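The values are calculated or read from the model by the stated rules, or taken from the named source; none is laboratory data. It should be emphasised that the depicted structure is a prediction, and the values quoted were computed from it without experimental measurement. Just the protein is used for accessible areas: all its heavy atoms, side chains included, with ligands, DNA and RNA removed. Shrake-Rupley method; radii C 1.70, N 1.55, O 1.52, S 1.80 Å.
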Amino acid sequence: MTNSDILRHFRPGPDIASLPNWGWMFALGVVYLITGFVALGSVAVATVASVLLVGVMMIIAGVAEVINAFQIKTWGKLLLCALLGALYIVAGFVTFENTALGAVVLTLMLGASLVAAGIMRLILAFSMKRATPRFWLAISGVITLLIGLLILVRWPINSVYILGLFLSLDLIVAGASWIGISFGLRRSSTMSQARSPA
């Protein structure tokens with residue numbers, strides 16, 4: 001969802017009494033930015049934080065899978081879902097016990113995923129008709145493919161910092177987006193107040 005889509009959603013109208021407080025969004029953006037730059041200053045620590053976050057998510061997913069397993073009536077599917085949930089839980093605890101191994105595995109998966117995504121975008125771009133604007137999709141595919149290959153070429157040495165680097169950049173981009181959204185909401189609010197009759 002782009003900033004303009006979000007602004008359109010929050011734009012005041014007959015069904016919306018007031019805009020959300022843009023100041024809170026601005027503050028959230030600033031927090032994201034600061035956290036991103038702090039993480040960028042210590043990407044190794046950010047990598048550990050990324051691995052631990054993935055570990056927590058795997059444990060939560062595993063517990064949910066086990067709970068869901070007991071809703072299934074057939075024994076075969078129940079055991080399969082319960083086993084899958086248990087594997088998720090074990091994998092989550094393994095990342096807590098050995099964050100270095102978790103970082104190595106996750107970095108490999110990240111590189112492979114980016115290579116696959118880049119190849120798929122290139123295939124999609126070349127399968128599109130010539131009249132369609134496929135240039136940017138092809139450029140995006142090439143960039144994604146190159147980033148994935150760079151990660152894989154330097155693996156596992158780059159496992160110490162690559163996840164932290166991606167987390168830092170994601171936080172910075174998210175922070176800048178929220179700040180941009182807050183300014184847009186403030187401008188929209190000011191314009192709607194100026195148009196409304198006294």
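Numbers at a glance
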read-out	value
Accessible area expressed per residue, region 18-149, with surrounding protein chains retained (probe 1.4 Å, Å²)	64 Å²
Mean-position separation - Cα centroids, region 64-125 and region 126-176, in angstrom	22 Å
Residue 166 accessible area, 1.4 Å probe, all protein chains in place, Å² to nearest 10	80 Å²
Expected-Rg normalisation [2.2 N^0.38 Å, Cα atoms] applied to region 40-198	1.46
Sequence of 160, 104 from largest to smallest accessible area, 1.4 Å probe	160, 104
P(r), alpha carbons of region 69-156 - 5 Å bins starting at zero, rounded %	3, 14, 13, 11, 11, 11, 12, 10, 9, 5, 1
Karplus (6.51, -1.76, 1.60) ³J(HN,Hα), θ = phi - 60°, over region 163-172, in Hz, Gly and Pro reported as x	5, x, 5, 5, 4, 4, 5, 5, 5, 5
